[in-house]
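K.L.:
Here it is: the structure, laid out below.
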Amino acid sequence: MSNPSPSALLTIGDLAERTGLAPATLRVWESRHGFPRPVRLESGHRRYDERDVDLVRQVLRRRDSGSRLEVAIAAVVLAQASVSDPPQAPSIYATMRRLQPSLQPQRLKKSTLLALSWAIEDECCSRAEKPMIFGAFQKERYYRAAEERWAELARVARSTMVFAGFSADDTDNPDGPRGVGGTTFVQLPDDAPMRREWAVVCDAPVYPAMLTAWELPGQSSVPDKQRLFECVWTVEPGAVREAARTCAQVAQQFGHDEAVPLLYELADDPPPPPSELLQATALLNRVVAYVDGTR
């Protein structure tokens, strides 16, 4: 389909008249929220099309129904994007391997993954950066073993989200398992790929970190601490941001409206890291492999 000619597009005054908003309000929305996104003519004037009229009206309906403006905008933008973009597979590990092919996978025992996860979690707590924290636990009992630690994380985090195969009693409880405040609990269905996954994602302003792994099949007779996982981990801010977005997208796919404002906050890419950080990550990958004893 060819692009409409400039004469067929709407001015900001036209859009204001069609939606009942003042032009100044539309300019404020664009400045603060990046919405609606106009076409800019060589003269610098804004132009819109019929789709923008519909999107603004959708935002107004959501806002009038009680949603905060930024949440309404994020929901409409995400819904519009899903029309043209195929939904991502609900798997943190698979998405990271696809979007970050430079990450080097390693096979590690569960005991090593626990140590790496604790290191990330402890650093999140100690730096008090108000991060967004996501965790995937496979089964409810694995979360129970870490529940006290995650209650502490929830106290320092801006938001905390946990994925696992929780029982019906837990997911029916609006306060989540055992009433841990401030945490969103995402029930994973039996066929969800994330039921085989392990993840800790800490999206923080200065200290971002991410670890995600999937359990290798055929280990029913292997002692728990010796179970093998294939994992990737990094402190590269862009990769951590991708992992955080994926977690929020999975939560949204499973019906959690709390994920919408998180996706809005995670929309921007962080600045690139210094090269020294990437070199240190490569060195630590080798150290972890030797400590784990799988090499």
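Just so it is clear, none of the values below were taken in a lab; they were calculated from the coordinates. Worth saying up front: this structure is predicted, and the values here are computed from it rather than measured. Cβ placement follows ideal geometry from the backbone for every residue including glycine, while neighbour counts extend to all protein chains displayed.
K.L.:
Based on the mean of other Cβ atoms within 10 Å per residue, sort peptides 92-98, 157-163 so the most packed one is first.
P.N.:
157-163, 92-98
K.L.:
For ARG40 paired with SER275, estimate the spin-label separation in nm (one decimal), with each label point 7 Å from Cα along the Cα-to-Cβ line.
P.N.:
Calculated label separation equals 3.2 nm.
K.L.:
In which sequence would HIS256, HIS45 go, from the one with the fewest C-beta neighbours within 10 Å to the one with the most? Could the numbers behind the result be given before it?
P.N.:
On the way: HIS256 17, HIS45 13.
Ordered by Cβ neighbours within 10 Å, fewest first: HIS45, HIS256.
K.L.:
Based only on other Cβ atoms within 10 Å, what is the fewest-to-most ordering of LYS225, LYS109? Mind showing how you got there, number by number?
P.N.:
Working: LYS225 11, LYS109 18.
Ascending Cβ contact count within 10 Å gives the list LYS225, LYS109.
K.L.:
Run the simple label-point estimate for ASP190 and ARG158 please: 7 Å along Cα→C-beta, distance reported in nm.
P.N.:
Result: 3.9 nm between the two label points.
K.L.:
With r defined as the distance between the Cβ atoms of ASP54 and ARG27 and R0 fixed at 25 Å, what FRET efficiency is calculated, to the nearest 0.05?
P.N.:
Efficiency for this residue pair is about 0.80.
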